[in-house]
Amino acid sequence: MADSIDWGFWGEGPGTEALGEVTGKRVLDIGCGTGRYAAHLARAHGAHVDAIDSSATQLRRALDQYGNTRGVSFVHADAIEYAGAGAPFDVVYSVHGMGYIDPGRALPAIRDALRTGGRLVFSVLHTNAAGVGPSKNVRPRLEKVCLRGESPLPVHMWVLAPGLWEGLLFRHGFHVEGIEILAAPDAGNPVRCQLVSGVRSGPQQLPIGPKQASS
Ligand SMILES: C[S@@+](CC[C@H](N)C(=O)[O-])C[C@H]1O[C@@H](n2cnc3c(N)ncnc32)[C@H](O)[C@@H]1O
C-alpha cells in the first residue's frame, strides 16, 4: 500500500495533503489502477472511496490486493459515467487518469457529482520524455505509454498547457486553487507533470439587469 499519494514522481512533491481533509468524506478515484491510493486513503485517513477503473485487468489487480479493504468500493466502469451514479462526493481525484478522458466530457460530470465547495485534484502530463511540452489547444495527441515488459503503447492523451486547464475548469464551474508544475528529480529527465486543484463553485448567479422602470 502507498504511504502517500505521488502525484508526479515517487517520494517527491506534495502528497496526500493536496486533497485537504478526507476523513469521513466520500471520495471518488478516477482511474484507480491497482488501487494503492484508494486503499491508502481508506486505511490511513478514514475516507470512503469509490475507486473506479475502466480496465478489467487493473481492476482485477486492485481487487486481488485491496479487495477486502474497509472503506473502499472498487468498480469496473467508465469513471465519468459512474460519477453521476455515485454522487454526491466531497472530493474527486485522479493520479494520471484525467489525461485519458476528454475534459469537455469529464469536467461537467465531475462538477455535477461534487458537492458545492467539494475539491477536484488531479495530475496530468505536462512535458513528455522526448521533451515535448504541453499542447496549446484542447485536442488529444498521440503519446507513448511504456508498460513494464511491453513495447510502447500509443495512446491519445490530453496534454494541455496550464492556462488551458485553468480556463476549462473555470468554464465548467470550478474555482482554480492552483496548478503546480512537478519536475522529475533526476538530472536530465525532461518529464514534467501538473498538479491541478479546483473547488466546485456555488450555483451560478443569474446576471442582474438594470431595474425595470415601472409604468
Ligand atoms: C496511468 S494509469 C494510473 C493508475 C493509478 N491512478 C495510479 O496512479 O497508479 C491510468 C488509469 O486510468 C484508467 N482510465 C482511463 N480512462 C478511464 C475512464 N474513462 N474511466 C475509468 N478509468 C479510466 C486506465 O485504465 C488506467 O488504469
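The values are calculated or read from the model by the stated rules, or taken from the named source; none is laboratory data. For clarity, every value in this text was computed on a predicted model and none was experimentally measured. FYI the Cβ positions are ideal-geometry reconstructions off the backbone, even for glycines, and counts take in every protein chain you see. The area values use the complete protein model at the heavy-atom level, side chains included, leaving out ligands, DNA and RNA. Shrake-Rupley method; radii C 1.70, N 1.55, O 1.52, S 1.80 Å.
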Against the definition (open to solvent by 20 Å² or more (accessible area, probe 1.4 Å) and within 14 Å of the ligand (Cβ to nearest atom)), how does residue 140 come out, yes or no? yes
What's the number of the condition residue 115 fails, among (1) more than 15 Å from the ligand (Cβ to nearest atom); (2) basic (Lys, Arg); (3) under 22 Å from residue 158 (Cβ atoms)? (3)
Working only within the range 153-196, note down all residues that are out of contact with any helix residue (DSSP H, G or I) (no Cβ under 8 Å at 6 or more places or on another chain) and small (Gly, Ala, Ser). 161, 163, 167, 178, 183, 184, 187, 188
Inside the range 164-191, can you point out the residues that are assigned to a helix (DSSP H, G or I), free of Cβ contacts under 8 Å to residues at least 40 places away in the same chain and open to solvent by less than 50 Å² (accessible area, probe 1.4 Å)? 164, 167
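Every residue, every condition in (1) touching a helix residue (DSSP H, G or I) at 6+ places or on another chain (Cβ under 6 Å); (2) surrounded by 16 or more Cβ atoms within 10 Å (Cβ to Cβ); (3) part of a helix (DSSP H, G or I), yes or no:
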| residue | (1), (2), (3) |
| --- | --- |
| 68 | no, no, no |
| 81 | no, no, yes |
| 85 | no, no, yes |
| 92 | yes, yes, no |
Per the filter on the range 119-138, residues assigned to a strand (DSSP E or B) and touching a helix residue (DSSP H, G or I) at 6+ places or on another chain (Cβ under 9 Å) are 119, 120, 121, 122, 123, 124, 125, 126, 135
Take the range 7-19 and flag every residue that is open to solvent by 30 Å² or more (accessible area, probe 1.4 Å) and either in contact with a Lys or Arg (Cβ under 8 Å, 6 or more places away or on another chain) or part of a loop (DSSP other than H, G, I, E, B) (or both). 9, 10, 11, 12, 13
Tell me whether the range 51-69 contains one or more residues that are over 17 Å from the mean Cα position of the chain (by Cα) and closer than 14 Å to residue 114 by Cα. no
Only unsatisfied item for residue 4, checking (1) out of contact with any Gly (no Cβ under 8 Å at 6 or more places or on another chain); (2) part of a loop (DSSP other than H, G, I, E, B); (3) without any contact (Cβ under 8 Å) to a residue 40 or more places away in the chain, is (1)
On the given criteria, is residue 43 under 16 Å from residue 110 (Cβ atoms) and either crowded, with 20+ Cβ neighbours inside 10 Å or touching a residue at least 24 places away in the same chain (Cβ under 8 Å) (or both)? no
In the range 49-66, which residue that is open to solvent by 30 Å² or more (accessible area, probe 1.4 Å), closer than 27 Å to residue 193 by Cα and in contact (Cβ under 8 Å) with a residue 24 or more places away in the chain is farthest from the ligand (Cβ to nearest atom)? 61
